[in-house]
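Contents: one structure, followed by commentary.
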Amino acid sequence: MLFPKTRMRRLRTSEAMRRLVRETALSVDDFVYPLFVREGKGLKEPIKSMTGCFHFSPDTIAAEARDVAELGIPAVLLFGLPAKKDAAGSEAWAENGAVQRAVREIKKAVPGLLVITDVCLCEYTDHGHCGVISNGKVDNDATCELLAKVALSHVQAGADIVAPSDMMDGRVRYIREALEENGFSDTAIMSYAAKYASAFYGPFRDAAESAPAFGDRRGYQMDPANGDQAMAEIALDIEEGADIVMIKPALCFLDIIHRAGQRFDRPLAAYNVSGEYMMLNTAADAGLLDRDAAMMEMLTSIKRAGADIIITYFAKEAAKKVQNVK
Ligand code: PBG
């Protein structure tokens with residue numbers, strides 16, 4: 001097997017040869033595109049902290065969803081910003097909230113596009129935490145009750161998949177029971193199963209106006225130092241009724257994606273978060289790297305690690321690239 005009998009470079013001699021032996025190929029089927037919807041009319045406002053992303057209103061979001069579907073992307077993930085916030089985040093389950101209306105608009109205009117909704121309270125609470133506060137702490141079980149109401153309101157509006165991102169214990173079970181009791185036994189849950197307390201959510205918190213007013217999220221989101229714990233979180237969510245499990249963020253956690261991919265027989269999603277997106281954009285804007293090449297390398301690495309689904313703000317551009325659309 002020694003040199004010169006073996007020369008690894010033989011299989012790198014041309015683009016056709018490299019294509020022939022390539023182990024990982026991104027597909028448009030892998031992508032989910034996140035969208036932000038807020039109260040208002042006729043809105044398509046650029047989000048300052050996230051280049052190329054916009055705040056839509058319920059009446060403008062269907063046109064964007066149609067563009068996404070036309071690129072072949074199978075799903076969008078909706079985040080909502082309410083008109084007003086309160087201690088419990090009650091707009092999160094309002095029948096005519098921005099997300100609920102957006103879901104109806106999108107399902108009417110583009111029924112074939114999957115609509116996934118983020119289920120959390122942090123955009124809706126006046127204190128910015130992902131649940132209700134009692135005695136200065138996020139109350140787990142009281143929050144789960146509310147999250148089940150939020151999920152149900154999304155599904156009643158037509159959501160195909162609900163995605164709880166709060167990291168309360170037991171919330172998948174509460175949501176699964178609420179869906180079963182109300183006749184939505186076919187609705188899928190994609191749980192943010194291993195969600196880390198990450199610094200890479202910075203640009204999103206600005207976009208979603210959801211930074212916590214006091215403290216941080218380390219009392220419920222995972223410590224980035226832990227891997228075994230991620231396996232336990234994922235196993236629990238599957239037992240409670242999650243159909244798809246997610247790891248978030250992606251790039252600092254490729255080892256976690258790899259371990260989960262080897263271990264669990266469920267579709268595995270990875271969230272290529274706002275900080276990862278903007279880190280690349282900012283470096284490209286500064287002329288430090290080739291944006292498209294870096295984007296494809298980033299997404300390919302997430303798939304190579306073991307993700308079946310990639311949630312990414314690059315979805316539209318990457319969809320064009322993998323399909324050679326100009
Ligand atoms: C909140 C939520 C966050 C993200 C998705 N859902 C932020 C947070 O937990 O603070 C981050 C997404 C991103 O950074 O792209 N429930």
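A few points about this structure:
- Scope segment 156-177; condition aliphatic (A, V, I, L, M) and either at pLDDT below 95 or surrounded by fewer than 21 Cβ atoms within 10 Å (Cβ to Cβ) (or both); matching residues: ILE161
- In segment 166-217, the qualifying residues are those that are acidic (Asp, Glu) and part of a loop (DSSP other than H, G, I, E, B), and the one that is farthest from the ligand (Cβ to nearest atom) is ASP186.
- Pick from segment 120-138, criterion within 11 Å of the ligand (Cβ to nearest atom) and not small (Gly, Ala, Ser), ranking: surrounded by the fewest Cβ atoms within 10 Å (Cβ to Cβ): CYS122
- Top-ranked residue in segment 203-220 [being more than 16 Å from HIS127 (Cβ to Cβ) and not acidic (Asp, Glu); ranked as nearest to the chain's Cα centre (by Cα)]: PHE204
- Among the residues making up segment 72-97, those that are open to solvent by less than 10 Å² (accessible area, probe 1.4 Å), of a type in the set (Gly, Ala, Ser) and outside any loop (DSSP other than H, G, I, E, B) are ALA75, GLY80, ALA92.
- Filter pass, TYR220 being within 15 Å of MET168 (Cα to Cα), of a type outside the set (D, E, K, R), open to solvent by less than 70 Å² (accessible area, probe 1.4 Å) and within 15 Å of the ligand (Cβ to nearest atom): yes
- Flag not set for ALA109, criterion: closer than 29 Å to LYS321 by Cβ, buried (at least 20 other Cβ atoms within 10 Å of the Cβ) and of a type in the set (A, V, I, L, M).
- In segment 243-293, the residues that are away from the ligand (no atom under 16 Å from the Cβ) and under 18 Å from VAL162 (Cα atoms): ASP243, ARG266, PRO267, LEU268
- Entirely in segment 240-326, the helices (runs of 4 or more DSSP H) that have 1 or more residues that are on the phi > 0 side of the Ramachandran plot: none
The values are calculated or read from the model by the stated rules, or taken from the named source; none is laboratory data. These figures come from a predicted structure and were not determined experimentally. With ideal geometry, Cβ positions are generated from the backbone for all residues, glycine too; neighbour counts draw on all protein chains shown. Accessible surface is based on the protein model in full, side chains and every heavy atom, while ligands, DNA and RNA are left aside. Shrake-Rupley method; radii C 1.70, N 1.55, O 1.52, S 1.80 Å.
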